[in-house]
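One structure is given here, and the rest of the page talks about it.
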Amino acid sequence: MKLSADGSTLLYSTFIGGNGTDYGYDIEIDNTGCAFITGCTDSINFPTVNAYDETYNGKNAENGDCFILKLSSDGSSLIYSTYFGGSGDDIALGIALDTTNNIIFTGETTSTDFPLYNTIDSKYDGLVECFFAKIAANGSSIIFSTYFGETEQEFVERACAIDVGNNGDIYFIGTALTDNITMTDETTFGSYHGDFDIFLVKLSEDGSLLYSTYIGGDGMDSARAIEVDSANNLYLLGETTSLDIPIVNANDDEYNYMFDVYLMKLTMNGSTPEILFSTYLGGDYMDYPQDLCLDSEGNVFITGQTYSEDFPITKNAYDNELSGSADSFLSVFSPDGSELLYSTFIGGNSSDYSYSIGLSNNLEVVLAGTTKSVDFPREAAAYDDTYFGGTDIFVLKIEIDLEQDGASWSFYWSISTIFTIGAIIVLISKKKNKVAG
């Protein structure tokens, strides 16, 4: 689905799928407005065009194969679409493009026959193993595809997000329930710590392993999102229950309760990273981050959902009270992580979950997610200003001024969104007869 920049006009909306269940998990947009989408499908007739693999492989699968597709800028045609996977469950969770529009994607697999090429790890070791893959810009050939992990059968690794540095290096982040991942650095963060840890992997553009490490404490630490800035500084977003996760130059250096948001900034120009800042964010209940983005000044924008009535809110917040059982939140940190510049609840009288964030050049923030609130904030100019019951999708634009005491809404109405060429493109996961995120 693609909306106009003011949210008033639906530019295109389309189904993509076959006779089974099709989930879209991530989206990337090139400079011409074409959408690259990845996810998983168990449809034996999922549409394939100019495919690397036009045959469904998941004969022993519940979730089926990964898919990777490219949709034209007007949404009218598939430029290419391909299956990617083996006979087990293959789920692609993250996608990114390099400077020549080669497609990098990552996720998890249970396939012992997953397609491999130029590997750093060719052995399937665990119950669920993460994979990293890169295919050519036209979708016709593999540049590399590899397992990553060295586990026993009862353990799993899940990679969830990717970004690409300006030199072509590729950064992956995920969550591991194992102490056997190959590590190049056991000094900066130590070895495997707790119930499960965040892992960070850096590959060269041809898929060679450059760096890998665990990040965590003695509790549960999960990865959510990753961003690389123009100086190759790396921003990691996740959640934690650890009292001893690395905290440096923090806005909040004390663990709050249950699950806290965890944000870290690293410099990655050398062979060993340096923590520039890392901080908790949260209240007295559960706080779950989902996505982040950066502005040109290096301010860090994050979004997710909170169940905490005392979630940190700034005086210039749009909404300073938790309105329902769970609200979305939008928080902004200064480039050095020391100051919470802006933070607000966003929601209505029920549960509201923000999953994705984008940012325009004039500091208009776009959030996408789901709501069960009949009174979710919306504008009369919205494409759709009516709540239809159950769980509705929302896209929301909010204009904030980090120098002033205030914020204002724009429009109303998914699960992943990117600001591009004066419009908003939204990815909606779908299950037959049901919208799902």
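Using the structure shown, decide if Ile44 is closer than 30 Å to Glu379 by Cβ, of a type in the set (Val, Ile, Thr) and in contact with a Gly (Cβ under 8 Å, 6 or more places away or on another chain).
Working: closer than 30 Å to Glu379 by Cβ: no; of a type in the set (Val, Ile, Thr): yes; in contact with a Gly (Cβ under 8 Å, 6 or more places away or on another chain): yes.
Spelling it out, it is not the case that Ile44 is closer than 30 Å to Glu379 by Cβ, of a type in the set (Val, Ile, Thr) and in contact with a Gly (Cβ under 8 Å, 6 or more places away or on another chain).
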Some residue of the range 47-67 being closer than 18 Å to Ala133 by Cα, touching a Leu at 6+ places or on another chain (Cβ under 8 Å) and not aromatic (Phe, Trp, Tyr): no
Any chance Gly304 is within 20 Å of Met220 (Cβ to Cβ) and either part of a loop (DSSP other than H, G, I, E, B) or among the small types (Gly, Ala, Ser) (or both): yes
Residue tally, condition crowded, with 22+ Cβ neighbours inside 10 Å and of a type outside the set (S, T, N, Q), over the range 235-246: 6
All positions within the range 150-175 that are at pLDDT below 80, surrounded by 19 or more Cβ atoms within 10 Å (Cβ to Cβ) and not β-branched (Val, Ile, Thr): Phe155, Glu157, Arg158
Sole exception among (1) farther than 22 Å from Ser204 by Cβ; (2) among the polar types (S, T, N, Q); (3) part of a loop (DSSP other than H, G, I, E, B); (4) in contact with a strand residue (DSSP E or B) (Cβ under 7 Å, 6 or more places away or on another chain) for Thr119, by number: (1)
Among residues of the range 321-341, those that are among the hydroxyl-bearing types (Ser, Thr, Tyr), within 25 Å of Ser296 (Cα to Cα) and surrounded by fewer than 22 Cβ atoms within 10 Å (Cβ to Cβ), counted: 2
The range 376-403 residues that are assigned to a loop (DSSP other than H, G, I, E, B), paired with ones that are surrounded by fewer than 16 Cβ atoms within 10 Å (Cβ to Cβ) and among the aliphatic types (A, V, I, L, M) (beta carbon under 6 Å, 6 or more apart): Tyr383/Leu10; Tyr387/Val374
Of all residues making up the range 121-149, the number that are buried (at least 16 other Cβ atoms within 10 Å of the Cβ), more than 24 Å from the chain's Cα centre (by Cα) and modelled with pLDDT of 85 or more: 2
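Suppose we keep only residues that are closer than 22 Å to Thr184 by Cα and of a type outside the set (S, T, N, Q) within the range 256-271. Which one would you say is modelled with the lowest pLDDT? Before the answer, list the steps.
Of the range 256-271, the ones closer than 22 Å to Thr184 by Cα are 264-271.
Subset that is of a type outside the set (S, T, N, Q): 264-266, 268, 270.
On the way: Met264: 98, Lys265: 98, Leu266: 95, Met268: 80, Gly270: 71.
Among them, the one singled out is Gly270.
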Members of the range 79-122 that are in contact with an Asp or Glu (Cβ under 8 Å, 6 or more places away or on another chain) and charged (D, E, K, R): Asp89, Asp90, Asp98, Glu108, Asp121
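Within the range 359-367, is there a residue that is in contact with a strand residue (DSSP E or B) (Cβ under 6 Å, 6 or more places away or on another chain), at pLDDT 85 or above and of a type in the set (S, T, N, Q)? Steps first, please.
As a first pass, look at the range 359-367 and keep what is in contact with a strand residue (DSSP E or B) (Cβ under 6 Å, 6 or more places away or on another chain): 359-360, 364-367.
Next, from what is left, pick out any that are at pLDDT 85 or above: 359, 364-367.
Still in the running and of a type in the set (S, T, N, Q): none.
The answer is no; no qualifying residue exists.
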Extreme residue, nearest to the chain's Cα centre (by Cα), among residues of the range 308-363 that are assigned to a loop (DSSP other than H, G, I, E, B) and of a type in the set (Val, Ile, Thr): Ile313
Candidates Thr344, Thr314, Thr371, Thr306, filtered to the one that is farther than 26 Å from Ala250 by Cβ and either surrounded by 24 or more Cβ atoms within 10 Å (Cβ to Cβ) or of a type in the set (Val, Ile, Thr) (or both): Thr371
Matching residues, the range 174-217, being touching a strand residue (DSSP E or B) at 6+ places or on another chain (Cβ under 7 Å), among the hydroxyl-bearing types (Ser, Thr, Tyr) and part of a loop (DSSP other than H, G, I, E, B): Thr178, Thr182, Thr184, Thr188, Ser191, Tyr192, Ser204
Residue in the range 243-255 that is modelled with pLDDT of 95 or more, in a strand (DSSP E or B) and under 16 Å from the mean Cα position of the chain (by Cα) present: no
Residue match in the range 42-59 (condition: of a type in the set (A, V, I, L, M, F, W, C), closer than 24 Å to Met1 by Cα and within 21 Å of the chain's Cα centre (by Cα)): no
Residues of the range 174-209 classified as closer than 14 Å to Thr119 by Cα and of a type in the set (Asp, Glu), total: 2
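The values are calculated or read from the model by the stated rules, or taken from the named source; none is laboratory data. This one's a predicted model, so the numbers in the text were calculated from it and none came from an experiment. Positions of Cβ are backbone-derived with ideal geometry, glycine not excepted, and every protein chain shown enters the neighbour counts.
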